[in-house]
Every structure is written in structure tokens, then in C-alpha cells.
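Have a look at the structure below, then the notes.
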Protein chains: 2
Amino acid sequence: MSKNSASAQPTSDRASAGPSAREPGAAPRRNVGVPVVFFDTTLRDGEQSPGSSLNASEKLEIAHQLARMSVDVIEAGFPASSPGDFAAVRTIAREVKGPVICGLARCTESDIRTCWDAIRDAERPRIHTFISTSDIHLEHQIHLSYPEVIKLTKEMVELCVSLCPGDVEFSAMDATRSDVDFLAEVLATAVVAGATTINVPDTVGYALPDEYAALFETLYAKVPALEKVVMSAHCHNDLGVAVANTLAAVERGVTQVEVAINGIGERAGNAALEEVAMALVTRKDLMQRPCHIVTTEIARASRMVSSFTGHIIQANKAIVGKNAFAHESGIHQDGVLKERTTYEIMQARDIGLSESDIVLGKHSGRHALRSHLAEIGIHLDGPELDEVFRRFKATADKKKEVTTADLEALVGEEVRQREDVYSLDHVYTNAGTDIISSSQVGVSTQGKKRTGKAFTGGSIESIMLAIDDAVGVKGKLLDYQVRSITSGKDSLGEVRVVVEVEGKRYAGQAVSIDVLEASAKAYVRALNNVAMGREAGGARGDRVYL
Amino acid sequence: MSKNSASAQPTSDRASAGPSAREPGAAPRRNVGVPVVFFDTTLRDGEQSPGSSLNASEKLEIAHQLARMSVDVIEAGFPASSPGDFAAVRTIAREVKGPVICGLARCTESDIRTCWDAIRDAERPRIHTFISTSDIHLEHQIHLSYPEVIKLTKEMVELCVSLCPGDVEFSAMDATRSDVDFLAEVLATAVVAGATTINVPDTVGYALPDEYAALFETLYAKVPALEKVVMSAHCHNDLGVAVANTLAAVERGVTQVEVAINGIGERAGNAALEEVAMALVTRKDLMQRPCHIVTTEIARASRMVSSFTGHIIQANKAIVGKNAFAHESGIHQDGVLKERTTYEIMQARDIGLSESDIVLGKHSGRHALRSHLAEIGIHLDGPELDEVFRRFKATADKKKEVTTADLEALVGEEVRQREDVYSLDHVYTNAGTDIISSSQVGVSTQGKKRTGKAFTGGSIESIMLAIDDAVGVKGKLLDYQVRSITSGKDSLGEVRVVVEVEGKRYAGQAVSIDVLEASAKAYVRALNNVAMGREAGGARGDRVYL
């Protein structure tokens, strides 16, 4: 073992001993040591992703979790897009304390005034307005000339400032495909008009990191006033580099990052909050930019968003995937046992995961449940707590242990049921190889009990046809997924469906010990969304993304 | 519409009109115009990811698909790790034509000779040997001094060259956390000893793009001989930047990229082949590095790997996620209808997706099935074709249309059943709200028929306990997932399970119209893996990753 012991420093110190990350001739760094502002758009760009449909209660729960994680800004929605979105944004503005609460608005007077009405009661409101600046969007879509865009930018940002002085964000949609001189002129106009944050989105996910960083460099050079406002990055992951683009922008002095939990969002989604945050924390030696994110809340936020939106997280997803902290290979396990840092640059507990997640047993009482829910940030009382307690006991009776993940799943379903039109009374199914499956169901709607029955090829199909029979609707199943939330044969199963009714798509999700019961409930849930006109993603004419 | 029409160029031309991606003072670019070598490690690093377990037939199918996609090098496995892996690598070396077939070997004589025996029959074989170079690995794990590592590198690379002259790859494990002077010395030694490809892996996923690129710059400066060999990047995605690191290395002249389909691999996985390839293609204006990848084979490769390994792809995964090409928002749809490039930088058909994927109906014959399978690269004859045809007819009878995705799922199961010990004869289940589920099953094993039964809380649980009862094994369900492969209530459901038996983990997957039948088959499949000692990922002492 004749190694030079001077070179055996711990990992975190070794980085700076390696090759320099800054090249000779590279531009000087701006804002070293300045905290990065985390602007979370899970509830706006993220919520618009196909297949997800969050109701007002779910949005509020997520907003509370974002506050608990100390994000700096919550983009709560796009108030002018629908009365439902307006109401959700207003509730979040009134109830969630801590972060700035932001609403999105196109550059029109009515969008901006509607947005302000939704967010005005927040402790710290922000209006976020945007307009396209790329030739391709101007020519083919919004049909405006350069001078018209400049004029609108000036007038609409001034309107925002008159309503919400001191916190107005302006975005140049499709900035990365815009003529850079025109883009600079638009941004300079927005700053003069009073915008305090300037966002330069890569709307179509086209930029690569060096290129995106160089765009900020160019803009700083052309518009010196940009040094006085908060510059912001908003990246899409179409080419797989959203996080790298975001970090490259931060290295050039950008102070705000627009991100979403689990990287959800239009198409391939936005830069993932958890990846950007853990990169800043893990590579603070190189990035030299602190952030306020409470990383130990990441795992819970990720599970909550996955559960409410119905978007499953793949096993090898960075940070929050099931395998992200799985140290499997023999050589690797051997190394980690000898010295953790041989293969581990982060620890599972840094993001709030723990080995012993068991929290409650079948003898736990209502008070213990209430306290534990409060600890994980879910505040329930009265009939809602009673209902969750009833479910908890039913689960605890069948399982030996009830974990935090179980509870979050149970509460997720409870929160969702607050607004239901239909509820499942019973389902019975007979199935097997070489026999025709049969199901019978009972569904209640506004006091009336209806029954339905069906014979058909598969057990799930027979349940759904029986529900169609009871409710009098014809749904087409577009997507069906099940996963176990916890391990063990007696684990809770979570079913997610996407159903098409009359050309529109609706999502449903439910949790149960029995996958058939969960399937029935998820389908009924989707029909509830049909009844309430809550479409899943597609074809909302007033939805946009940056 | 008084716009300057001179600025309304198509998207692909606009990029160069934007800010320059190269900064003043940056190093000159190497290898502009030189094709990037795609080294696919799906079958080695990818196959080691927890929860996946590929058998020899599945590995061969994937290797054929990789050849069809024109990857340049297939890393087929780690022959010294197990007799099964040796046999799989040898079969691929003998049967798959086109790409270089590579095997991994530690820097030991026995690993290297075993590797050579497995790959020697390939048209173009490659031995890939590696050793750790970081202080943290040397001190805490492999217990070698710097001079000892240099000596081993020289001797073992020379051994590789004596067996496989002209194509030897050397990797410095944990290169990004190594002392750069020592790393340079090791790499110089490997080049002098005859290595033709030098790989600089970011084993623990610690590097950021500028830093990783600068490491190559430093190595080129310290070891001019590196200009004469193929330099290679191998990146892990722990911080979400594996693809960006890979592209940054390519921009500095690196010629080989080590990637995996769907980005699978240890922990957060490797750089995704499809993301690196589509970034090179979509941004050829900026990257200026062609590649040979047939991108229209990407969707099929992605589905095949997902199906065989049991790793579900999340909806917002770049390129191959279900939503990656979903244009959902109203403004967006409006834009795309007016002019595709307003929001679309790639097209679904570029990766082999198409709107009309319907290929066969219930009247299609055995010959049509055989031809279509051959078209999508699956060659079946004799009893195997008979069996797939029987399943195809059963599916076509229940569904109106059978798609390529359906066929791939059916064949996936068929390929898997070639080696089964247990097979499911029947399953009958009774389930419902407020009743105890009951199941009865019949399982055949080597001619004997066994039956089992169980009463319990959930329908899936009762099926699995009944199978345990029939087979005489006690399995613990660690993970359970279902998804529909195609849409419609009568779509095929795919079930994936991970089961623990006596402390070891086994995976199983199956497809059926009925989710209960698929669950039973997937569980039986996992028990087949138990019987054949085919563990899923965990605790294989001889498995490594770079």
C-alpha cells in the first residue's frame, strides 16, 4: 500500500484538484455566491402535460409541499385559461405562505387583469406575462410585426407594474430561436417598462448548453440594464439537456431557474427541480451558487406529484427514480461497504428517503394519525380526517405496517373524493383462463343507486363495461397502468387510467389493496372528471407553455 | 404583416444566425465532420440495472435490433461474470453481423482470456479492459499503488493486443475523480501498450459538462498520443447531465460515445442512446459530427428493451416517452397546424413512430405474420412460429386490430418461454368489495400437474399465494406494475413483478388480455427465474459498471 497519502483526500475536496472547469479566455463569472431563485412551474407548465389532471385540492396540497421545500416562487397556474384554474390560483394565493405566488398571463389586458384578480391576495404576488419573439412564431402564428411586439411589450408590462408594482416577470417565448438583436430590443423594452425578472425560455427544447449560455452572454453585452434585473432560464428537455442548459445559464450569472418536480411539463417536460437542486448542492465546489431548497423534502414532493398527476417515475430517473440510490453491482457494494464515497456522491437521506419508513400500526389511534399527517404537511380534520382514519384502519387491518407512502396514497384519494359526482358502492368479478369474465357493480350518484353488469374477455374490461352500463356513458380506455406503492403481496396497488369520452380525454386514479377494486374506482374517478368537465391535458385552447 | 421577410428563414438555418456557441478564446475544435462511433452498452451496463434480467434469447434479439439500428460497437456483456453471460456474449459474437462485438474484462489474465474466448468468433471482436485510477478507489477498494496500476495497465493491455490485435479498448474507472497527472500517465501507458480506444468514464455521475470537456482538453494537452487513438466518453446520469456531458466531450473531439437504450444502467443509468443520437441529428448545424444511427429504428429498440428488461419509460422521457411528441396545448396545436416548425424540432416518424401502426387483422394468415415479424426483425420458424401464431389468433379474435406493439409483446413472451420450468395451466379468481378473494391455479412442471388455492385480501395476492401453494415456494412481492400496451378496453395488459425468494430478487413479465392471467403468468415467470438461478440485478459479486 505504498500510496502517496497526500493525494487521498476526500471526494469533495478532490474536485478542485482536478482539471479546471473554466477555460482560459472564458467570460468572467457573474453573481458568484448569489443564491439561485427556484421558480417552480409544476402547477402551470407541469400540470399541462398530457394525461395529468389536478383538481383544486390537489393543486393546493402540492403548493403547500412546494412551500415546505422552500421554493422561492410558485407559478400556481394560468388564471385566464379557465374558471377552475382561476379559483385554484386564488386559493393558493390566499392560503400558501412563504413563496412568491405567480400567475401567468398573455400580453393582453384581460389576461393580465384576470391574473391580478387571482393573485392579489398573496403575501407576495407576481404577474408573469409573455409574448413570442421568434420570426417563425411571429410570421406563422401571432401575425405581429417587430414594432407591434415592442409596443405590446411596453404597454402590457407597464400595465402589470401598475397592478403589481415591484414584482413583474416578462418572458420572450421561443427566445432561443429569435433574432438576437430583436430579442435584445424586446427585453430592453420590458426592463424600461418595469419588469423585475426577465425570462429567456428555450420553448421548443432546441438549445444546447454552450449555445444557451452564450445567448445570455450576448444579451448581457447588448443590454447592460439586464445586470440590474433577475435573469431567468426556462428549459425543455426535448434533446435531453434541460438540466445542463439550466446549469450552464446559472454559470453565466442567471439567478432564477424555472423548473418542475419530476421534470414534468409539455412534451419531454421541463428541467427537473430535484436534478438542478442536487447538482447545485452536490457540486457547490464548482457551481458556487447556494439555493434555499430543503432537499430532504424532495422525495415527498416527487411522490405527491407522481401520485396526483398520474405520471409514473421511471426506475433510472436521476435523484427520484427507484434505482437512483440502488447500489447493486458486487464491486460497487464492496466499495461502498469499505468507504461510502467510493461510489456514492449523494445519500438517499439527503432527499428525504429513509430505510425505516414505518410510521403507524393497526393499533395507532386517530390522534396519532392526525399528528403524523400534520408532520408530513397534510392537515385534515372533521369528516375528512374520519374518512382517512377509516381507510387507514382498513389498510392497517390487512397490512402489518402502514408507511408514509401508504398514507400519502390514502390521503391523495381522500382529497380527490371531496368533489365526486359518482361513487362506487360495490364490485364483484369472476375471471379465469378459458372462461368469460363477468362483473357486477353498484354506483351511487346524488343519492340514487344504480347497478350494472357485463360479460366480456378480460376482468378489467368487464368491470369497466359494467360501470358504463350503470352510469350510461361509453368510455374508451386509452391508457391503463398499475403499480404497487409499497412492497409485499399485501401492498396498496395504485391504478391510473386515461379514458376518452366524446372525443375528450379524462384521467382517473385510485388506490386499493385489490387491483380490481382500484381499477373500478379509477374508472369511476375518470367518469367524475367527465361529469365535471375536467379534461386531461389535451386540446385546451387557452393553454400555453413557455 | 409588415415583417422583414429576410429574417423568416426555416428553423434549421436560423440557428447559425443566433449567438455563436463558441466563445472567443475557446480551444479549437477537433474532428469536425468525423462520424461519432456509437458504442452501445445496453447489454452490459444497462443489463446490470436493478430489476432487469435478460435471458440469452432476449439478449440476442436486442443485439440484432442494435445491429439493425447500425450501432458501431455492441458491448455484449462481461463474459467472466457468469457462464450464462459468457454463453450470451459468444452467441451474439457468432450470430450478429455488422457491429464490432465487444466484451468487458477486468485487468486480470483470466478475465481477459475468458473474454477473448467469448468474442473470438465475431467478425470484428474487441476486448474492453479497465482498472480504477482514482485515489479513493485505489486506497479504499483495490489497494494498489500508482506504480502497480501502471504496471498492470501495461501488461494487461499488451495481453489484450496479443489476443485481439487492432481493437482493444482501455477504460480508467472513476477517471473524473482521479488525479489528472496520474490519469494521463495511465492513459499514455495504455496507448503505448497498443490500446486503440481510450475511454474516460464519469463512473459516479459526478462531472458537469464544462468540467468533463475540460478534462479531455487537459488530457489531449498532456498526452499528445491521444490524438492518434479513438477517445471515448462514458457518462452516468446521477445529476441529470449524462447526455450533456457526452455532447460536451464530442464537441472537444471525442469520437466514441458509450450509451444505452432508454438510458438504462446502474443507478440513474447511462447517457441515453436515443437522446445523444437525436441531438447530433437535430443540431447537426452546431455539433458538426455525423453518426450512422438509423434513427427510425429507435422506437422499436426502445420498446423492445423496455419490454424485455421490465423498465417502464416515463411519459415525459425525451425522444421515446409517450408524451415526447404530444403537442397538447391549444396555442401549440394551433401553431403546429399553421406551420409544423413553430413548435416541433423533430418528428415522430424520425424515430420510427407512425400514426397508423395497424398491421394485421383476424383474417391474416401464418405467412403474413411471419413476413411482418421478419420485417420488424424477428425471425421465427417451426414450433415457435406456430405458438406465436396461436397467440396472435387468440389476440386477433378478441381485438379488432393487432399492432406492431402487440406483436412485439407477444413475441417477447414467446422468446422468454423457450426455457421455462413451470407453466401456468389455469387460474380462476373470485373477487369484490367486502368479500375475501379466492383463487385456484394449475401449474405444470416437467410433465406433472400441480394445483394450488388461496383465500386472502386482494385478488392478485390470492393468485400469487395459490401459485406458491402449487409450487411449494414462498415468494415476497417487491414490485408490481401493469400497463396497457395498446389502447382500448380490450388492449393487451403487460404485468411486471419483482419477487424476493430466500433473500434474492427475481423479475417476471407477461402479457395477456386479462390482467389477472397476466399477473399469474408474470409471477410464474419470476419463479422460473428462481428455478434457473437468474437473479434480477442485485448482489452479483462479479458485476461492475464503469
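Table for the structure above
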item: Residues of segment A:235-259 satisfying the condition of being of a type outside the set (G, A, S) and within 10 Å of A:A271 (Cβ to Cβ); result: A:C235, A:H236, A:N237, A:V241, A:V243, A:N245, A:T246, A:L247, A:V257, A:E258, A:V259
item: Tally of residues being out of contact with any helix residue (DSSP H, G or I) (no Cβ under 8 Å at 6 or more places or on another chain) and either facing chain A (nearest Cβ under 7 Å) or more than 12 Å from B:I460 (Cβ to Cβ) (or both) across segment B:507-520; result: 1
item: Among the residues listed as B:E211, B:E217, the single one being surrounded by fewer than 24 Cβ atoms within 10 Å (Cβ to Cβ), more than 27 Å from B:V100 (Cα to Cα) and free of Cβ contacts under 8 Å to residues at least 40 places away in the same chain; result: B:E211
item: Conditions (1) farther than 25 Å from B:A315 by Cα; (2) in contact with a His (Cβ under 8 Å, 6 or more places away or on another chain); (3) surrounded by 24 or more Cβ atoms within 10 Å (Cβ to Cβ): number failed by A:E75; result: (1)
item: Residue match in segment B:465-480 (condition: at negative phi, touching a residue at least 40 places away in the same chain (Cβ under 8 Å), open to solvent by less than 50 Å² (accessible area, probe 1.4 Å) and away from chain A (no Cβ under 12 Å)); result: yes
item: When residues of segment A:266-303 are limited to those that are within 7 Å of another protein chain (Cβ to nearest Cβ) and open to solvent by less than 10 Å² (accessible area, probe 1.4 Å), the one farthest from A:D238 (Cα to Cα); result: A:R283
item: Residue under evaluation B:V157, criteria (1) in a helix (DSSP H, G or I); (2) touching a Leu at 6+ places or on another chain (Cβ under 9 Å); (3) open to solvent by less than 20 Å² (accessible area, probe 1.4 Å); (4) at pLDDT 95 or above, criterion not met; result: (2)
item: Check on B:G335, outside any helix (DSSP H, G or I), at pLDDT below 90, within 22 Å of A:I264 (Cβ to Cβ) and within 12 Å of chain A (Cβ to nearest Cβ); result: no
item: Residues of segment A:304-326 classified as open to solvent by 20 Å² or more (accessible area, probe 1.4 Å) and of a type in the set (K, R), total; result: 1
item: Selection count where residues are at the interface with chain B (Cβ under 8 Å from one of its Cβ atoms), under 18 Å from the mean Cα position of the chain (by Cα) and aliphatic (A, V, I, L, M), scope segment A:201-240; result: 0
item: Residue that is farthest from the other protein chains (Cβ to nearest Cβ), among those in segment B:241-261 that are in contact with a strand residue (DSSP E or B) (Cβ under 9 Å, 6 or more places away or on another chain) and open to solvent by 10 Å² or more (accessible area, probe 1.4 Å); result: B:T255
item: Where B:A87 falls short, out of the listed (1) among the aliphatic types (A, V, I, L, M); (2) within 30 Å of B:G205 (Cβ to Cβ); (3) open to solvent by 10 Å² or more (accessible area, probe 1.4 Å); result: (2)
item: A:I127 being hydrophobic (A, V, I, L, M, F, W, C) and open to solvent by less than 10 Å² (accessible area, probe 1.4 Å); result: yes
item: Residues of segment A:132-154 satisfying the condition of being open to solvent by 10 Å² or more (accessible area, probe 1.4 Å) and among the aliphatic types (A, V, I, L, M); result: A:I136, A:I142, A:L144, A:I150, A:L152
item: Number of the condition not met by B:A190 [criteria: (1) open to solvent by less than 10 Å² (accessible area, probe 1.4 Å); (2) farther than 30 Å from A:A242 by Cα; (3) within 13 Å of chain A (Cβ to nearest Cβ)]; result: (3)
item: B:S444 open to solvent by 10 Å² or more (accessible area, probe 1.4 Å), of a type in the set (S, T, N, Q) and in a strand (DSSP E or B); result: yes
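The values are calculated or read from the model by the stated rules, or taken from the named source; none is laboratory data. Quick caveat: nothing in here was measured; it's all calculated off a predicted structure. Every residue, glycine as well, gets a Cβ built from its backbone with ideal geometry; the counts of neighbours run over all protein chains shown. Protein only, heavy atoms only, side chains kept; ligands, DNA and RNA dropped before computing areas. Shrake-Rupley method; radii C 1.70, N 1.55, O 1.52, S 1.80 Å.
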